[in-house]
Amino acid sequence: MTAFTSTRLRPDIHYLYAARALRGFGDGFAIIILPVYLLAIGLSPQLVGIVASASLVGTAALTLLVGFVAPRYDLRNLFLAGAGLTIITGLAFPTVDTFAPVLFVAFIGTINLSAGDLGMLIPLEHALLTQETADRNRTRVFARYSLIGSLTAAAGSLAAALPEFLTARAVAEVTALRMMFYAYATLGLLAAFLYSRLPQDHIRAATRPKSALGPSRKIVYKLAALFSLDAFAGGFVVQSLLALWLFQQFDLSLGAASAFFFCSSLLSAISFPVAAWLSRRIGLVNTMVFTHIPSSICLIAVAFSSNLTVVLILLLIRSALSQMDVPTRSSYVMAVVTPIERTAAASITAVPRSLASSISPAIAGFMLAGPFSALPLVVCGCLKIIYDVTLLGMFRNTKPPEES
């Protein structure tokens, strides 16, 4: 199938946008209420960190599976399978209240504790978006896709205050939190309806490759290695653990945290179209690097501040900069591989991100309980700066078609 060259988007892209909105809203409140729920049922901060790691390991396994099977199977069926797993996750969490079952549900489930572009559905959506978009519009389409996800995640962050509202009206805290998981399952059901509207055999059998990667294997592996370093760094400050640090360090209420993460997500959302505009002027790689480094400096500064207002301002500045590499990175990966390799490339570059980011939350959980609880913020910032400098050195001369 050739790229869709008109500025008008195909209907199936709108279905993907709508499904992304539902997932974003669900992740927006789930990543905030999950650590609160785990603490409410008696888990320690260290165990919360281990649960976060388990969820990311499970995400890695699923994404790896998708990387191998997606080129050979109908995309719609894979989308429906992912939505089904979302439903199962939302229904399963309220039924478990001890560590081992919680760990299992986190491993097989879909709650994205990183609040980033991880998950089995993301590579599938990236490949389909690119398949039907012209090169000149690709980054803009990815920016819009990321914008929708971020805005709905911001709305979901506000919804995370609902358990506090219900608790004030004599509903038990654990019951109120469990109701949110049922809402998460409902969102998965709505996403399944949207995915069912996609046409079957979107990638014809004759065009499906016999192997996951071909001529672009070397560049994909290099990008995967670099992205794994970035994800490992980000795992030290996944949003759930950042919320936990704010709860413990500043006694921040759930309502205040909900409002803060709403503002944070809103700033990230605004940055996506800015990133698309900036990339047309300085290039995709330069946009990734020169917005990322200042955000990491802000994160390191947060670790050494004891004033809540200063901390929140620095974190908001970071939010306005740190996610500008999301649409540009996705667009860049899709641009530098051959069309037939896009689904595999999107999956394979996501797998090491999931694996790497699954290690650091457990380490961060122990750091949070140590004498310098802000150590994960420092480690994250330093590692991300190393990643940015390396990315610039290795890929500044590898241009996508629209920059050649």
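The values are calculated or read from the model by the stated rules, or taken from the named source; none is laboratory data. All figures in this text were calculated on a predicted structure; none of them were measured in a lab. Ideal geometry is used to build each Cβ from the backbone, glycine not excepted, and the neighbour counts take in all protein chains shown.
When the range 175-203 is limited to residues that are of a type in the set (A, V, I, L, M) and modelled with pLDDT under 90, the one that is farthest from SER319 (Cα to Cα) turns out to be ILE203. The set of residues in the range 10-22 being modelled with pLDDT under 90 and basic (Lys, Arg) consists of ARG10 alone. Entry remark, the range 226-259: residues being within 20 Å of SER373 (Cα to Cα) and over 18 Å from the mean Cα position of the chain (by Cα) number 12 in total.
Among residues belonging to the range 374-404 that are within 22 Å of SER322 (Cα to Cα) and among the small types (Gly, Ala, Ser), point out the one that is modelled with the lowest pLDDT. In this case the residue turns out to be ALA374.
Taken together, ARG144, ARG169, ARG138, ARG178 contain a single residue that is among the basic types (Lys, Arg) and surrounded by fewer than 17 Cβ atoms within 10 Å (Cβ to Cβ), which is ARG169. In this structure, is SER306 small (Gly, Ala, Ser) and farther than 22 Å from ASP230 by Cβ? Answer is yes for this residue.
Restricted to the range 306-321, and to residues that are modelled with pLDDT of 90 or more and of a type in the set (S, T, N, Q), which residue is nearest to the chain's Cα centre (by Cα)? Full working, then the answer.
Taking the range 306-321 first, the residues modelled with pLDDT of 90 or more are 307-321.
Now narrow it down to the ones that are of a type in the set (S, T, N, Q): 307, 309, 319.
Numbers: ASN307: 29, THR309: 27, SER319: 14 Å.
This residue is SER319.
May I ask you to verify whether ALA160 is surrounded by fewer than 20 Cβ atoms within 10 Å (Cβ to Cβ), in contact with a Gly (Cβ under 9 Å, 6 or more places away or on another chain) and of a type in the set (Gly, Ala, Ser)? Considered against the rule, which asks whether it is surrounded by fewer than 20 Cβ atoms within 10 Å (Cβ to Cβ), in contact with a Gly (Cβ under 9 Å, 6 or more places away or on another chain) and of a type in the set (Gly, Ala, Ser), ALA160 comes out as no. Here's a check for you: in the range 60-107, which residue that is β-branched (Val, Ile, Thr) and within 16 Å of HIS126 (Cα to Cα) is modelled with the highest pLDDT? Top of the filtered list is VAL66.
Against the list (1) more than 22 Å from the chain's Cα centre (by Cα); (2) closer than 30 Å to THR130 by Cα, the condition ALA345 fails is (1). Scanning the range 117-147 for residues that are in a helix (DSSP H, G or I), aliphatic (A, V, I, L, M) and over 13 Å from the mean Cα position of the chain (by Cα) turns up LEU124, ALA127, LEU128, LEU129, VAL141, ALA143. Number of residues in the range 248-299 that are in a helix (DSSP H, G or I) and without any contact (Cβ under 8 Å) to a residue 12 or more places away in the chain: the value is 5. Within the range 319-348, which residues are part of a helix (DSSP H, G or I), among the polar types (S, T, N, Q) and either in contact with a Ser or Thr (Cβ under 9 Å, 6 or more places away or on another chain) or within 17 Å of SER150 (Cα to Cα) (or both)? SER319, SER322, THR328, SER330, SER331, SER347 - these are the residues of the range 319-348 that are part of a helix (DSSP H, G or I), among the polar types (S, T, N, Q) and either in contact with a Ser or Thr (Cβ under 9 Å, 6 or more places away or on another chain) or within 17 Å of SER150 (Cα to Cα) (or both). Checking each residue in the range 322-342 for being basic (Lys, Arg) and within 14 Å of the chain's Cα centre (by Cα) picks out only ARG329.
A Cβ distance below 7 Å, combined with a sequence gap of six or more or placement on separate chains, defines the contacts here; from the range 165-183, residues that are in a helix (DSSP H, G or I) and of a type in the set (Ser, Thr, Tyr) reach residues that are modelled with pLDDT of 90 or more and surrounded by 16 or more Cβ atoms within 10 Å (Cβ to Cβ) in the pairs THR167/ALA176; TYR182/GLY90; TYR182/PRO94. Within the range 278-300, can you find the residues that are under 20 Å from the mean Cα position of the chain (by Cα) and either buried (at least 21 other Cβ atoms within 10 Å of the Cβ) or under 19 Å from VAL333 (Cβ atoms) (or both)? Within the range 278-300, LEU284, VAL285, THR287, MET288, VAL289, THR291, HIS292, SER295, SER296, LEU299 meet the criteria.
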